[in-house]
Amino acid sequence: MQMNEKGKLLVISGPSGAGKSTVIGRLMEMRDDVCFSVSVTTRPPRPTEQEGVDYFFVSPQRFQELAEGGFLLEHAEYVGNRYGTPRGYVEQRMLEGKSVILDIEVQGAGQISRNCPDAITVFILPPSGEELERRLRHRNTDADETIRQRLLQAKRECAEAGKYDYIVINDDPGAAAAEVNAILTAEKCRAADRIKLVTEVLIS
Ligand code: 5GP
């Protein structure tokens, strides 16, 4: 009976180094009704990153064309680079009943909340400022100045956490993923979405 449910839009934000990607990876192992939206960015790829898996890497000019053409559901600038969510992929997968996970920063999340009021927004918080800095340095792929900028940006982003529907602390990725899993499950049970199923029970 629940087969025809439309998917949810699940927005995950949190400072770089909060461990969002790990939590999202765990969540995707836990359930088969979710998929991940790969973003478009003008940032150069890091050594381990793959085109079409981590991001679609594009030139600033191509990004501008996509933004102007209405092909992005939201877009924002973050530490000198542009990032955006491909609209077509998200809309298609939701129609197919999949919940789509967006890993996006706070400005983009704000745009989604305004344009898609049914979206679920979750902020992933690192357990402490020290742990955040340790994770960013341990990643060791960015220059010192970039790490400094990302730390500053991280503090600014954490100040926005109260605008989200949920806050999950990522002390342990498995436990954090279990919390996000519970949030999505509960949101899929909302009466506003399932009330049509009541009618089906009553008339059959
Ligand atoms: P990174 O360069 O570390 O991969 O990502 C930097 C920030 O950009 C992260 O906070 C990430 O969530 C965000 N981001 C990634 N893709 C998008 C996107 O499509 N839109 C927006 N608004 N932010 C994104």
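Within segment 143-179, take every residue that is in contact with a helix residue (DSSP H, G or I) (Cβ under 7 Å, 6 or more places away or on another chain) and among the acidic types (Asp, Glu) and give me the one that is farthest from the ligand (Cβ to nearest atom). If we take residues in segment 143-179 being in contact with a helix residue (DSSP H, G or I) (Cβ under 7 Å, 6 or more places away or on another chain) and among the acidic types (Asp, Glu), then GLU160 is farthest from the ligand (Cβ to nearest atom).
Evaluated against (1) more than 24 Å from PRO173 (Cα to Cα); (2) part of a helix (DSSP H, G or I); (3) within 11 Å of the ligand (Cβ to nearest atom), GLU65 falls short on exactly one condition, (3). Look through THR85, THR42, THR48 and report the one residue that is among the β-branched types (Val, Ile, Thr) and exposed (fewer than 14 other Cβ atoms within 10 Å of the Cβ). Testing whether each residue is among the β-branched types (Val, Ile, Thr) and exposed (fewer than 14 other Cβ atoms within 10 Å of the Cβ) leaves just THR48. Figure legend. Inter-residue proximity from segment 109-133: first residues open to solvent by 10 Å² or more (accessible area, probe 1.4 Å), second residues acidic (Asp, Glu), beta-carbon distance below 8 Å, spacing 6+ or different chains. Indicated pairs: GLN111/GLU74; ASN115/GLU74; PRO127/ASP171.
Just name the residue that is nearest to the ligand (Cβ to nearest atom) out of those in segment 90-108 that are of a type outside the set (A, V, I, L, M) and surrounded by fewer than 16 Cβ atoms within 10 Å (Cβ to Cβ).
GLU91
Restricting segment 36-62 to residues that are among the hydrophobic types (A, V, I, L, M, F, W, C) and touching a helix residue (DSSP H, G or I) at 6+ places or on another chain (Cβ under 7 Å) leaves a set whose member that is farthest from the ligand (Cβ to nearest atom) is PHE36.
Out of contact with any Lys or Arg (no Cβ under 7 Å at 6 or more places or on another chain), touching a residue at least 40 places away in the same chain (Cβ under 8 Å) and outside any helix (DSSP H, G or I): is that true of VAL40 in this structure? So VAL40 fits the description; yes.
When segment 87-108 is filtered for residues that are charged (D, E, K, R) and either within 10 Å of SER37 (Cβ to Cβ) or in a helix (DSSP H, G or I) (or both), the ones remaining, listed by number, are ARG87, GLU91, ARG93, ASP103.
The values are calculated or read from the model by the stated rules, or taken from the named source; none is laboratory data. Just so we're clear, the structure is a prediction, and the values are computed from it rather than from any experiment. Using ideal geometry, Cβ is built from the backbone for each residue, glycine included, and neighbour counts are taken over all protein chains shown. What goes into the accessible areas is simple: the full protein's heavy atoms, side chains included, and nothing from ligands, DNA or RNA. Shrake-Rupley method; radii C 1.70, N 1.55, O 1.52, S 1.80 Å.
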